[in-house]
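Below you'll find the structure, written out as structure tokens, and then a few comments.
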């Protein structure tokens, strides 16, 4: 492969349905060629009787009832459009929809919750303060969208609170702290806290714009995703992105009269918003919401919060150790280098195995080399362990998505055909790469849980989110070709690592 280390972007394809040629015959030939190329790829999305993709997520859990699974995968009915990279597309392909919907809805009570049923005083102030502390002990370590010293000073009224929207930010922080720190399914104060946070906002927020609102809407979006309301979260995130763009948070401002703290926080909020948008978009197989073009905001510095205050004039030197910023920087770099790959795998025609293998080496391996030694698994402290492992699982998950089409082609189109012995060498390598990444993900996850002495819902949620696509592929192989000489290996991949989610 030629050395193209300066190539950051993969050329974008025009949609095959768009005619930009004056000669209709040429366009017809192109369509025929693309159709021929695309016929070689697996179509994961089955035909649906309901093509309007309507959804209604105005649901609540009465009497503390919980859904049977909280995985952020939206495998229930009325889930809106979910692209072919989404795990449920593979399940639909294998089981023709048989496995979906029923188990997912067990225990869920669908009813619109009236806000008056949940007054502000239902949860004590002391309890809310505890949940806020838990937010900074769990969620903040991976996603520092809030400056802790400033936020705590505002709570204690040491410094003035910003716009009236701050109350909503206060309650959503508490809601996330409650959800993430929970150690049992029965803990559900977060539901009430989110309702309060939502009640503090109105439709008028669409006619305003400030950084507090961007923080609030972004956190609400991520919370809703984790509470299995992906489309609601997707909408909140869309508003946050548009508001941030309107506030010019995506651009580097050299002549700003803002304080050093405010400038750095703008960068932190922007890049947290960016990785949330990329993560949700890729998770649901939808087109990217934030393009790379036009963005020149610098990445936030790897510094300690304690070294950045309202009185800071000069930015402190970066730390050569893990901080709450480390994960955000690395995940931002990951998406900057890999988003163009994602755009191509959701676009017709699907890239060839050879192209994907080249891009893997050119972009993904390049990103791996950017991970500093102090953030390697063997060196990381327990405080940052989840952030580090999630980063690895995210990387492997993209590779599973990239290469599983070729594995599915092998095991579903011709599992017992002699054609697989004449399989293209690149497609064969891609299929094996998919299984390897599945195996490595499961092994990594087993290691994480073996080393864990304490666990909470945040760890469970992220583990399930990335475990499902990793376990799915060996199970699909086993189901479609149980007599294969590889069947024992597939079975071992699925059951050898018993990961105990004690939540």
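The values are calculated or read from the model by the stated rules, or taken from the named source; none is laboratory data. All values derive from a computational prediction rather than experimental measurement. All Cβ positions, glycine included, derive from the backbone under ideal geometry; neighbour counts span all protein chains shown.
In the range 301-313, how many residues are in contact with a helix residue (DSSP H, G or I) (Cβ under 7 Å, 6 or more places away or on another chain) and either loosely packed, with under 13 Cβ neighbours inside 10 Å or within 22 Å of residue 221 (Cα to Cα) (or both)? Going through the range 301-313 one residue at a time, the tally reaches 1. Could you list, in sequence order, the residues of the range 237-246 that are touching a helix residue (DSSP H, G or I) at 6+ places or on another chain (Cβ under 7 Å) and either surrounded by fewer than 21 Cβ atoms within 10 Å (Cβ to Cβ) or at pLDDT below 95 (or both)? Selection gives 239 alone. Only one entry in 220, 265 is in contact with a helix residue (DSSP H, G or I) (Cβ under 8 Å, 6 or more places away or on another chain) and closer than 22 Å to residue 292 by Cα, namely 265.
Each row is one residue, and each column tells you yes or no for (1) farther than 14 Å from residue 431 by Cα; (2) at pLDDT 95 or above.
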{"position": "383", "(1), (2)": "yes, no"}
{"position": "387", "(1), (2)": "yes, yes"}
{"position": "395", "(1), (2)": "yes, yes"}
{"position": "399", "(1), (2)": "no, yes"}
{"position": "417", "(1), (2)": "yes, no"}
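Screening the candidates 112, 123, 128, 203 for the property of being modelled with pLDDT of 95 or more and closer than 27 Å to residue 239 by Cβ yields one hit, 128.
Only helices (runs of 4 or more DSSP H) whose full extent lies in the range 419-503 are considered here, and the ones with at least 3 residues that are more than 30 Å from residue 184 (Cβ to Cβ) and at pLDDT 75 or above are 425-451, 457-480. The residues of the range 370-391 that are surrounded by fewer than 16 Cβ atoms within 10 Å (Cβ to Cβ) and closer than 15 Å to residue 139 by Cβ amount to a single one, 383.
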